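As structure tokens, the structure follows; a few thoughts come after it.
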Amino acid sequence: MKAVGASTLGHLADIGPLCMRAGIGLVFVVHGWQKFHDIKVSNFAKFLDSLGVPAPETVAWLQTFAEGIGGILLIAGLMTRLVTIPLIGILVGAILLVKQDITGWGIAVINQQGELAVGHPGTGAELEIGLIAGLLGLLFVGPGRLSLDGAFGMETAVAPVGLRTRADTAPERA
């Protein structure tokens, strides 16, 4: 039995990872740029220090770099699976240190002085959880053929299940 839409949408399967990479990557590029340009890394380090994060200046620079450069690499689809790991770590840290402990799952905003401004109306950790889900998808599915990983042969493309032939799944004969 053929899956509904398998023949039509199956041929477009690599657009899914492309959309995931572009959307998630853009979020990280914007957040990395905000830390570097708007908030300033030194103010972000003050915020991390207020949370008790060890070596806050180093962590602030590493996180800013990981978000900015990692986002660009995700969009391009270069070293995709590797890039997802530190970004997942950043998001888990944000949930545990900011969303849960400080705001009771509400929004936390850092002002221009690097201080936590609590009490802003909004949502909790949904953004982080959604980004983690997308990053886990990219980690396990891969970047897709429409990526630099695919172009350079760093990732092997696997046909979607609906497009596999009997030859793809048949056991090899000696």
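Condition check ((1) more than 13 Å from the chain's Cα centre (by Cα); (2) modelled with pLDDT of 85 or more; (3) outside any loop (DSSP other than H, G, I, E, B)) across all residues:
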site	(1), (2), (3)
119	yes, no, yes
123	yes, no, no
130	no, yes, yes
134	no, yes, yes
156	yes, no, no
Report whether or not residue 62 is aliphatic (A, V, I, L, M) and under 22 Å from residue 147 (Cα atoms).
no
Condition check: exposed (fewer than 15 other Cβ atoms within 10 Å of the Cβ), modelled with pLDDT of 95 or more and polar (S, T, N, Q). Does residue 84 satisfy that?
no
Do you know which of the residues in the stretch 11-46 that are buried (at least 17 other Cβ atoms within 10 Å of the Cβ) and small (Gly, Ala, Ser) is modelled with the lowest pLDDT?
13
Kindly establish whether residue 24 is touching a helix residue (DSSP H, G or I) at 6+ places or on another chain (Cβ under 7 Å) and either part of a helix (DSSP H, G or I) or of a type in the set (Phe, Trp, Tyr) (or both).
yes
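The values are calculated or read from the model by the stated rules, or taken from the named source; none is laboratory data. In this text, all values refer to a predicted model and were calculated from it rather than measured experimentally. Quick reminder, even Gly has a Cβ in these numbers, built from the backbone with ideal geometry, and neighbours come from all protein chains shown.
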